[in-house]
Structure formats: structure tokens, C-alpha cells
Amino acid sequence: MSEADTLADAGKWRVRDWRRLGVRGAELIPQTRMSGPMPWVIAIMVAMTAIALAAGLALGNAISLARAEIEGGVTIQVIEPRDEIREREAAAAVDAIKRLPHVAGLRRVPQAELDGLIEPWLGTGIAAATGAAIPVPSLIDVRLKGPATPPQLAAIEKAIAKVAPSAKVDAQSSWLRPVFDAMVSLQVLSISLVLLLAGALAAAVLLAARSALGANRDIIEIVHLLGGTDTQVARVFQRSIGFDAAGGGTVGLALAMVVILSLGRRFASLGAGLVDSGALVWTDWLLLALVPLLSTLLAMLTARLTVLHALRKML
Amino acid sequence: MLAIAAPVARSDQTQHRYTSMTADGEIVHFDNVGLRYGTEREVLSDLTFTLFAGRFYFLTGASGAGKTSLLRLLYLAQRPSRGAIRMFGTDLITLPRSRLPGLRRRTGVVFQDFRLIPHLSAFDNVALPLRVAGHQERDIGGPVRDILEWVGLSDKLDAGPATLSGGEQQRVAIARAVIARPAMLVADEPTGNVDSEMALKLLRLFEMLNRQGTTVVVATHDLDLLRKVPDSLIMRLDRGRLADPTGALRYPPRRLT
């Protein structure tokens, strides 16, 4: 070895000495031979897992918020073309419902608000132009003390049947049920994706660990013959995969954050109530931050079990 | 069943499993041991012998006689196909795999092809047995530098095996084998790649370890080497069978240690 090489080696000494002291045994298997593309695979897995998890959490938030708002809501439509009768039946229905014990509150939707609902299609000034106003049904928004159940709906129907025969009672949750069902399906899908990605991550680590074991078989045999235990060898692999997973996981989470924040901004700009309500809360962000940590733990556990299982076949 | 009636007293099967040796100084006992690889014919047959603590053994024989296979059994790289082996008072046949590392740490090995870890420096290669045994880093540096200085490699602490000559690699391998002061040292052609001066020096190192109580087993072709250790015992393998015409292995001369 030349003098220059010797000096270069001396320069490296401190770093190597530190590594040896700090992470004893990590050098036993060369890191480059062990990891390869593994940090990038883990980064992609973590990014996809975090995005799927964020979607699941956002859907969960949207569902619970909407449920809380809609579950106890009942809409009464007084469908009567004659203004006076419609007005009278609506007022009588309000009086009758008010007295029911399970009703927490009610609100008759003002005419101006109803006109506003049809304005996008028919514009304003219909009465002036045609000489008659459009007979829009009167709406009464009723809020119950708990979720709307069939007996409660029946009680409301019974209370208004005589005073407002043209009234129709609808639980808001019943017409939104297909939307809820679809959202729950999407949530289940995203949770399944998270689990599948965790499985895929474990499989990738398993293959990487097996390949690293094959590539380093000679070294492992020497360590065994020098009295090294399976646990010591497994710890080297576990630690190396742990470093890869921690690095890849951090990159993956950063990528996921960019995607989640930009998607969140786009959805928020839609201004649709149900979508808006799916905003992530701080506990959700905490869960997302745990994804790389849990991925690292999963990767380390998989590496450990794979290596220990494989070593059992060696003497 | 013993192939040759061994006159040495057999140790009691019920004795403590991890005693270094039996009361009569036995460190290794082979009883009718055979070894075959796969379905091939046996490479070692009917080996029955005892190695005693503190003795110096040479293992000789022609190429293919089974020297390396016998050494592999001694350094626990292989289990026999038949027969029984007792090492350090422990029955290896029934010993669970999890307890092998403890026995391996008591045996130093010099491999014929050195088997240094290619990406570790000479220092780290030599330090490996101590690290594996769980020694603190502060207790490792001194002994490793001392032993490397002893084998004449104090200026090669940071050199990787690829930058060392064959003889230097051999010396690193020897330093690694003896650094943890093993109870038994097994060396496969340890002087095969060094000049005669270094060969003699290494032999003196083995003798020194032997004087300190280490049982030494050296496989060699070099008949000159045998003459340089007058107190040594010779095990000669011939086509997988142990030739012991003098009965030295069965009736070892006692030596005060």
C-alpha cells in the first residue's frame, strides 16, 4: 500500500472507529450489499400507505361529521300547489311537531331560501314574468334528540296526518344512506390498501433479507464459527434494514405530505360540504407521522424473523 | 460401540455439561465417528480417539485423507453422520444448536483459506471473536494491537485483506484464532503460505499458547514441522481412517503442565 493510501486510511480511521463503537456489528455485513434499492422501495411503500391512510381518515371524518349532522334530521315537505292551504298546513305541522317529546328543535325554511334553491335553474322574477309563482313545497327542518328511528318517524307522521294531510316525512339519513354506504366502502378499501401495502413491505424486506443472507453466506458462516449467535447475526441485518427503512420512510412520508396537502387544498376549493368535512385533524396527522415508524418496526421485525428462520437451517 | 477399546477412562455421562475437560484431562473424545457428505461414501470412518488438554497434536495425511473434514468436526462446522463426539465434557450429538456458539468460542480456528472478512480491516478481523463474545470496546484495542504486533503486522492495522499478501493474511487469521485465548486451537495448514522464518515464528506462537494450556491441533503436510515440536503427538489419517500404530493417541504420555 502506498504512503498516500496509508494516509487516506488514517483519515478514515476516526469515522470508522466511531461507527464501530457506536453501532457495533453494523459493519459486519457491508451496507451496500445489503440494502441496494431497499430504501427507495420502502419510500414508495410508505408514501402509498400514508396517502391511503389519509384518504381513509378523511373519509372517516366526513362520514362521522355528516352522520352527526344528518342522523337526527327529518325533513317535512308540504306538497300542496295552493299557496294558502300549503301555508296553513305548514304552520299547523310546525305547531303539532313542536309538542312532540323527542323533537329537539325545528326550523321552517323561509320562502326566500326556497326561491334561492330553484334560482339557478329558473332565475328570478318568475312571478312577475308569468303572473304566478312556482308552487315550491314548504320545507320544515326538524332536529330530533337522537337518531331518527322508524317509531319516531311514525309518531311525527301521526301527529301531522290530520292537520297537514299533504305533508311528507323523510329522514335525511335514509336518502343519504347510499352515499354513506359508498363512503364506508371507500374507507374499507383504503384500510385494505394500508394492510396490503404493509404486507407488500414485509414481503419486500423478506426478499431483500434472503438475498442479503445468500450474498453474505460466507461471512455469516465465519461469524458462526467464531462463536457468533443467530441473534447477533440477525441483529446486524435488523439494524441495517432499520436504517434503510427509517431513511426511506422519512422520504416516503415527505412525498405523501406533499400529495395529501395538495389534494386537500384542491378538495377544499370545491366548496362541497361533504368533502370539506373530511379535513384531517391533529390526531390524524399524528397517525400519518407514525407510518414511517411503524414501517421501520415492521421491516426490522420481518428482517429479524426471516434471518433467524434461515439461520436455523445452518449449523 | 467402540471400534478400538479405549483404555482411557470414559467420562461419566452425567457430569456437568460445561466443564472444560474431564477429570483425566480429556478435552475431545471421538467414539466410532463417521462422516459422509450427502450420499457419497464416508470421508471419515470409525474414528475413535481422545485429545487431552494442554497437548500439541499434528494431524497428517495425504491430500484427500480427510484432514480438513476432521478439523471441521473439531471446530463444529459439521456434525458427524454417525458416532459420538464429546467436547469440553459436552455431548455434541444431543447438544441443542443454540448452545453451539458457547463451545465454538472456546475453539480458535485457522482456516486453510484464511477466511478473513473482506471488507473489514486487519484490526476488525482480529477483534471479531472478542466482539462476538461481548467484550467492551475499551478492552479490545490493546489486545488486538498487541497480537498484531506480535505477528509483525502492527503497521497493517487498517489494511483490508485484499491489500495484504498471502503470508500477511495468514498471520491475521492466526491472530484472530488466538486473540480470545481459546482452550483449543485448530489450524489447517497454518504455515502453508509463509516463508520458513515466519513458519517457525508461528510455530513458536502455537507452542507458547500450548505451554499456557491451550490444546493445539495442527493439520500439515510439512514433515519438517513435526520435528520442530518434540513433545507433539501425531495423528495420521489414511483414507478417512486414523492410523495410530504407536497407540500415542490412546496411551498419551502424561506431561506435567
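The values are calculated or read from the model by the stated rules, or taken from the named source; none is laboratory data. Note that the coordinates shown come from a computational prediction; the quantities given were computed from them, not determined experimentally. Don't worry about glycine lacking a Cβ; one is built from the backbone with ideal geometry, like all the others, and counts go over all protein chains shown. Areas reflect the complete protein model, heavy atoms only, side chains present, ligands, DNA and RNA absent. Shrake-Rupley method; radii C 1.70, N 1.55, O 1.52, S 1.80 Å.
Listed values, structure above:
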item	result
Residues of the range B:101-122 satisfying the condition of being within 18 Å of the chain's Cα centre (by Cα), facing another protein chain (nearest Cβ under 7 Å) and without any contact (Cβ under 8 Å) to a residue 60 or more places away in the chain	B:Pro101, B:Arg104, B:Arg115
Residues within the range B:123-137 that are within 17 Å of B:Leu157 (Cβ to Cβ), more than 9 Å from every other protein chain (Cβ to nearest Cβ) and surrounded by fewer than 23 Cβ atoms within 10 Å (Cβ to Cβ), tallied	1
Subset of the range B:180-231 that is in a helix (DSSP H, G or I) and of a type in the set (S, T, N, Q) - its residue that is most open to solvent (accessible area, probe 1.4 Å)	B:Ser196
Output for the range B:138-158, where each listed residue is over 20 Å from B:Leu205 (Cα atoms) and open to solvent by 30 Å² or more (accessible area, probe 1.4 Å)	B:Arg138, B:Asp139, B:Asp158
Selection from the range B:107-122 of residues that are among the charged types (D, E, K, R) and open to solvent by 50 Å² or more (accessible area, probe 1.4 Å)	B:Asp113
Subset of the range A:216-274 [among the small types (Gly, Ala, Ser) and touching a Pro at 6+ places or on another chain (Cβ under 8 Å)]	A:Gly227, A:Gly228, A:Ala245, A:Ala246, A:Gly247, A:Gly248, A:Gly249, A:Gly252
Residue check for B:Val28: more than 23 Å from B:Arg106 (Cα to Cα), in contact with a helix residue (DSSP H, G or I) (Cβ under 9 Å, 6 or more places away or on another chain) and modelled with pLDDT of 90 or more	no
Residue pairs meeting the criteria (Cβ under 8 Å; at least 6 apart or on separate chains; first within 13 Å of A:Val194 (Cα to Cα), in the range A:283-295; second open to solvent by less than 70 Å² (accessible area, probe 1.4 Å) and of a type in the set (Val, Ile, Thr))	A:Leu288/A:Ile260; A:Val291/A:Val46; A:Val291/A:Thr49; A:Pro292/A:Val46; A:Ser295/A:Ile42; A:Ser295/A:Val46; A:Ser295/A:Thr49
Listing of helices (runs of 4 or more DSSP H) fully contained in the range B:57-132 that carry 2 or more residues being in contact with a Lys or Arg (Cβ under 9 Å, 6 or more places away or on another chain) and within 26 Å of B:Pro143 (Cα to Cα)	B:122-132
Residues within the range A:214-261 that are under 19 Å from B:Arg99 (Cβ atoms) and among the hydrophobic types (A, V, I, L, M, F, W, C), tallied	6
Flag for A:Gly116 being assigned by TED's automatic domain parsing to the domain that holds A:Leu287 and small (Gly, Ala, Ser)	no
Number of positions in the range A:153-182 that are of a type in the set (S, T, N, Q) and not in a helix (DSSP H, G or I)	1
Exclusive hit being outside the structural domain of A:Gly60 (by TED's automatic domain parsing) and in contact (Cβ under 8 Å) with a residue 12 or more places away in the chain, set A:Ala215, A:Ala155, A:Ala208	A:Ala155
Among the residues listed as B:Gly166, B:Gly141, the single one being at pLDDT 90 or above and out of contact with any Cys (no Cβ under 7 Å at 6 or more places or on another chain)	B:Gly141
Filter result for the condition that a residue is away from chain A (no Cβ under 13 Å), of a type outside the set (S, T, N, Q) and either out of contact with any His (no Cβ under 8 Å at 6 or more places or on another chain) or crowded, with 19+ Cβ neighbours inside 10 Å (or both), over B:Arg176, B:Arg171	B:Arg171
